[in-house]
Amino acid sequence: MPELPDLLYVQSRLRERLLGRHVTTERVRETVVLRFTVRGNLSLLLGRPLEDAFRRSHFLVFRFEGLDLAVNPMLAGRFRLAEPGQAAEGSLAFALGFGDVELRYLDDKKMGKAYLIATDDWKAIPGMQTGGIDILSPAFTREHFVSLLKRRRDQARVFLLDKKALDSLGNAYADEVLFEAGIHPKTFCRSLSHEEGVRLHDAIVSVMREAVAEVARRGEPIEVKVRDFLKVRLKEICPRCGSKIRTAGVKGMDAYFCPRCQPATRAALVDWTRTGR
Ligand SMILES: [Zn+2]
């Protein structure tokens, strides 16, 4: 899944390259990824200039006059800029030509979805969860975060992934943030002290800002997901203490963590709010 730093990078590159340009061609190879809540198909976009491209929740939205094309890449979706004549990839789902450049959406698993909707008709899109606070915005303060945390009865990692609360972290950065804060992924939010809550907040801000900067600095083509700088996700050895990285199932997802840098406390293992204490 593309995470916030990936989406922001793709967004800025696509804006640079495509804003103001008109759609000259369209082609669809995998109809399964497309959903239309307006009458018609992708040919509705022909001749329209791209007015804006922005992130909304985990969607990338392409704004044309009267129409938004909102793409949720899910597990395996990727964007790619190609020359129009360049051979198409096996995973091509659809493409929009903008003169001498073609925007391709590739998806090996065909799990992503692209919705063509009337402008701002977000309610037509299932799973377009919003309401979470933008973790890169100035409004995301320590006080705000700790007040959210205090209302939660779930585990820290589950909270971090809740897009209705935080916009947004995926599996990879949830692991990185917990590692940075030294907090075990199964820790219950209510068992965190104020100081630990502040640490978790600061870890979110520093990990995400550094990741956004690193992905931009690397300047890879937009279809490349830059993840090799991550410290624990999919890693074997802790870069801080040399311990073997472990995995734990949290709500059906694998969490990667260092057992020494992120020790489980008794409070992490017992949810006191459920035992009546
Ligand atoms: Zn460690």
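Here are some notes:
- Linear extension gain, Asp100 paired with Asp202, 0.36 nm per residue minus alpha-carbon span: 32.3 nm
- Within the stretch 200-217, backbone nitrogen closer than 16 Å to the virtual label 7 Å beyond the Cα of Asp228 toward Cβ: 214-217
- Charge dipole of the stretch 121-277 (Cα centre as origin; +1 on each Lys and Arg Cβ, -1 on each Asp and Glu Cβ, all else neutral): 680 debye, rounded to the nearest 20.
- Calculated FRET efficiency for the pair Thr265/Asp120, C-beta based, R₀ 45 Å, to 0.05: 0.50
- When you restrict to C-alpha pairs under 8 Å that are six or more residues apart and normalise by the size of the stretch 158-206, the relative contact order lands at 30 percent.
- Nitroxide proxy distance, nm - points 7 Å out along Cα→Cβ at Asp162 and Glu195: 2.6
- Just the protein heavy atoms count here, and of the accessible area of the chain at 1.4 Å, carbon and sulfur take up 50 percent.
- Share of pairwise Cα separations in the stretch 130-202, more than 15 Å, in percent: 48
- Evaluated at q = 0.09 Å⁻¹: base-10 log I(q)/I(0), Debye formula over Cα of the stretch 103-232: -0.32
- Across all directions, the average projected area of the convex hull around the alpha carbons of the stretch 44-90 is 4.5 nm².
- Estimated 222 nm signal from helices in the chain, with DSSP H stretches of n ≥ 4 weighted -39500 (n - 2.57), rounded to 500: -7500 deg cm²/dmol
- Debye log10 I(q)/I(0) for the stretch 26-159, one point scatterer per Cα, at q = 0.16, 0.20, 0.21 Å⁻¹: -0.87, -1.17, -1.26
- Size of electric dipole in the stretch 13-154: Cβ of Lys, Arg +1 and of Asp, Glu -1, about Cα centre, debye, nearest 20: 580
- Extension gain (nm, one decimal) between Asp254 and Thr37, 0.36 nm per residue minus Cα-Cα: 74.6 nm
- Helix runs (DSSP H) in the chain reaching 15 Å along axis by Cα, Kyte-Doolittle at least 0.0: 171-181
- Under 16 Å from the Cα of Lys244 - aspartates and glutamates, other chains or at least 8 residues apart: Asp175, Glu176, Glu236, Asp254
- Just so you know, the Cα atoms of the stretch 156-277 work out to an Rg and Dmax of 14.9, 53 Å.
- Modelled FRET efficiency - R0 45 Å, Arg142 with Ala87, Cβ distances, 0.05 increments: 0.30
- Checking the cross-link pairs Lys164/Lys225; Lys163/Lys186; Lys123/Lys251 against a 20 Å limit on the alpha carbon distance flags Lys164/Lys225; Lys123/Lys251 as lying beyond it.
- Per-peptide packing, taken as the mean over residues of other Cβ atoms within 10 Å, places 75-81, 138-144, 26-32, 232-238 in the sequence 75-81, 232-238, 26-32, 138-144 from highest down.
- Dipole of the chain [Lys/Arg +1, Asp/Glu -1 at C-beta], most positive-end residue of Thr119, Val212, Leu161: Leu161
- Remark: relative contact order (the chain) = 18 percent; criterion is Cα-Cα distance under 8 angstrom and separation of 6 or more residues.
- Counting only aspartates and glutamates at least 8 places from Lys109 when in the same chain, those with an alpha carbon closer than 13 Å to its own are Glu30.
- For the stretch 117-275: relative contact order, % (alpha-carbon pairs under 8 angstrom, 6 or more apart): 24
- Length gained when the stretch Arg17-Arg29 is fully extended (0.36 nm per residue, less Cα-Cα span): 2.0 nm
- Rg/Rh for the chain (Cα atoms only, Rh after Kirkwood) is 1.02.
- For the stretch 57-115, size of Cβ-based charge dipole, Lys and Arg +1, Asp and Glu -1, in debye: 280
The values are calculated or read from the model by the stated rules, or taken from the named source; none is laboratory data. In this text, all values refer to a predicted model and were calculated from it rather than measured experimentally. No Cβ is skipped: glycine too gets one built from the backbone with ideal geometry, and neighbour counts run over all protein chains shown. Keep in mind that these areas ignore ligands, DNA and RNA; they rest on the heavy atoms of the full protein, side chains included. Shrake-Rupley method; radii C 1.70, N 1.55, O 1.52, S 1.80 Å.
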